[in-house]
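*Asks:* Got a structure for you, questions after.
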Amino acid sequence: MLMTDLLRLMGIPTVTRSFMVDYCDGHGNHFHSPMQVTTPPDSMEKDTDLTSRIQKELKQKDYEVCSILEALGEFEMEELEEVFNGKQWGKHPMRLLYLDAELVQRMAGRADKPQGR
């Protein structure tokens, strides 16, 4: 990772975590975006604190977080789309960090209904 390598060359140890965040707006439109968080290794956030921070950040933009998936390993930001949605899918360990099952069910229900004209 370029940023991590740069910080390490400066003598600053870091840990970078890579995520795909799925979220939706109030109209039922679904989005997902790769995201990375770089922190010093001795001040690692708890997963619950991290997911709360991501949710709060997107809530300020009127989005609700459906899920957060973490890819384990070091990746460039440009690689994340391939890791989560492209040719690299399934080639790297991942874990589900957060899932709002109620929101996912609500969104699935909207997808099943025909759109009004």
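*Asks:* Can you give the FRET efficiency to the nearest 0.05 for PHE31 and LYS87, using r as the Cβ-Cβ distance and R₀ = 22 Å?
*Replies:* Computed FRET efficiency for PHE31 and LYS87: 0.50.
*Asks:* Measure off 7 Å from each Cα along the Cα-to-Cβ vector at MET10 and GLU57, then give the distance between these two points in nanometres to one decimal.
*Replies:* So the two model labels end up 1.8 nm from each other.
*Asks:* Using amide H atoms built in the peptide plane, which far-off residues or other-chain residues are under 5 Å from TYR98 H to H?
*Replies:* For TYR98, the qualifying residues are ILE68.
*Asks:* Using the Karplus curve 6.51 cos²θ - 1.76 cosθ + 1.60 with θ = phi - 60°, what ³J(HN,Hα) values do you get for each residue of region 32-42, in whole Hz, with x for Gly and Pro?
*Replies:* 8, 9, x, 8, 10, 10, 10, 9, x, x, 7
*Asks:* Between ALA101 and THR38, what is the label-to-label distance in nm when each label sits 7 Å out along the Cα-to-Cβ direction?
*Replies:* Here the answer is 3.7 nm between the modelled labels.
Each value in this text was obtained by applying a stated rule to the coordinates, not by laboratory testing. This structure is a prediction, so every number in the text was calculated from the model and none was measured. Backbone-built Cβ (ideal geometry, glycine too); neighbour counts: all protein chains shown.
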